[in-house]
Structures are given as structure tokens and as C-alpha cells.
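Written below as C-alpha cells is the structure these notes are about.
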Amino acid sequence: MAAEPAPQGTEASLERSAMRALTYKVGTFLTNTVAYSMTTGDMMQGLALSSALTAYSSVSYVLTDYFWDSAYPQMHAGDAPAEVLKESAERTTWKFMTYKVVNLPALLGISYYATGTASGALGLASGLSLFKAGWFYANTMIWDYYSPPPSKPVPSKPVLPLAGTVMQQAAK
């Protein structure tokens with residue numbers, strides 16, 4: 001009897017990571033623009049601050065997403081939806097934690113510029129981070145569920161015709 005092949009990971013793709021970043025960044029850009037415009041009292045300044053943060057965090061999103069897809073590929077692509085979502089939730093937690101560590105200095109710096117105080121920056125960055133955490137999970141899990149990365153090809157084991165014949169003869 002042939003053993004089940006070991007689960008294969010999925011292929012990492014910079015293009016796929018960039019598309020995920022695009023959908024995530026549209027939501028965060030709008031959120032940042034509203035928050036920074038209200039904080040500074042100036043729509044143009046809110047747009048400028050949001051643009052600066054979005055530029056920085058877009059690059060870091062693609063790089064952290066690609067890192068995780070390369071180093072720790074998704075193993076349940078094409079499996080039952082419950083398996084895909086369970087794995088996606090676990091991987092997304094680690095992806096988000098990595099992404100947040102990389103982005104926190106920029107978020108705090110821009111929030112400090114917008115509020116002018118350390119406590120204001122901490123409060124604004126915290127509120128934005130909470131909203132973005134929910135959006136990060138939703139965006140990543142939607143991508144994992146509706147558009148999983150292609151699986152790596154599993155090499156097939158050669159079938160030995162003679163072995164099959166011997167097994168049939170032995171069964172008689």
C-alpha cells in the first residue's frame with residue numbers, strides 16, 4: 001500500500017503578496033486619512049501623513065507577507081474550508097505580529113507629528129492598530145480562502161506494473 005504523500009507547501013509569490021498588500025492598503029489609507037485629517041484639522045495634511053505611512057507600510061507588508069509565504073508556506077491550500085481557515089488564522093497571527101513590529105516606529109512617529117504629544121501619539125496609534133488588526137485578518141483570510149496560492153507539484157511515484165500483477169495474483 002502506498003503511503004500518503006507528505007503535505008506540500010505552496011509557492012510564495014511577490015505578485016500575490018503585492019496584490020494582498022494593495023487590498024489591505026486601500027482600507028488602511030482611507031482609515032489613516034480620516035484619522036490624521038481629524039487630528040490635524042487639515043485634510044491635505046491628513047492626506048500627506050497617510051500617504052507617507054502608506055508608502056512605508058506597503059513595502060513592509062509585501063516583504064513580510066512574502067517572507068512568511070517563503071519561509072512558512074501555506075500547507076492546506078485546496079483542503080476543506082475549515083482546514084484552510086484554521087491554518088490561515090494561525091499564520092495570519094504571526095504575519096501580523098511581524099508586520100506590526102516593522103511598522104510600529106513609523107506609525108508612532110507620524111502619529112506624534114499629527115498630535116504633538118507622546119500620549120496623543122500612543123492613543124492614536126493604538127486606535128489605528130486595533131482597527132487595522134481586524135482589517136489585516138479579514139484581508140488575509142479572504143485571500144487565503146477565495147484565492148489560495150497554487151500548491152507545489154507533488155512528484156508522483158512511479159507505478160510498477162509488475163508489482164500490481166504480483167499483488168493481484170497473491171489475492172487470488
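Within segment 114-133, if we keep just the residues that are over 24 Å from the mean Cα position of the chain (by Cα) and buried (at least 20 other Cβ atoms within 10 Å of the Cβ), the residue that is farthest from Val26 (Cα to Cα) turns out to be Ala121. Residues in segment 79-90 that are open to solvent by 60 Å² or more (accessible area, probe 1.4 Å) and touching a residue at least 24 places away in the same chain (Cβ under 8 Å): Pro81, Leu85.
Rundown of residues vs (1) open to solvent by 60 Å² or more (accessible area, probe 1.4 Å); (2) among the hydrophobic types (A, V, I, L, M, F, W, C); (3) at pLDDT 85 or above, yes/no style:
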{"site": "Arg16", "(1), (2), (3)": "no, no, no"}
{"site": "Lys25", "(1), (2), (3)": "no, no, yes"}
{"site": "Met44", "(1), (2), (3)": "yes, yes, yes"}
{"site": "Thr54", "(1), (2), (3)": "no, no, yes"}
{"site": "Ser57", "(1), (2), (3)": "no, no, yes"}
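I'd like to check something: does segment 91-113 contain any residue that is at pLDDT below 85 and either open to solvent by less than 50 Å² (accessible area, probe 1.4 Å) or farther than 23 Å from Leu22 by Cα (or both)? Scanning segment 91-113, I find at least one residue that is at pLDDT below 85 and either open to solvent by less than 50 Å² (accessible area, probe 1.4 Å) or farther than 23 Å from Leu22 by Cα (or both), so the answer is yes.
Checking Thr23, Thr33, Thr54, Thr64 one by one, the residue that is in contact (Cβ under 8 Å) with a residue 60 or more places away in the chain and either under 24 Å from Ala114 (Cβ atoms) or out of contact with any strand residue (DSSP E or B) (no Cβ under 6 Å at 6 or more places or on another chain) (or both) is Thr23 and no other.
The values are calculated or read from the model by the stated rules, or taken from the named source; none is laboratory data. This structure is a prediction, so every number in the text was calculated from the model and none was measured. Methodologically, a virtual Cβ is constructed for each residue, glycine included, from the backbone with ideal geometry; neighbour enumeration extends over all protein chains shown. Accessible surface is based on the protein model in full, side chains and every heavy atom, while ligands, DNA and RNA are left aside. Shrake-Rupley method; radii C 1.70, N 1.55, O 1.52, S 1.80 Å.
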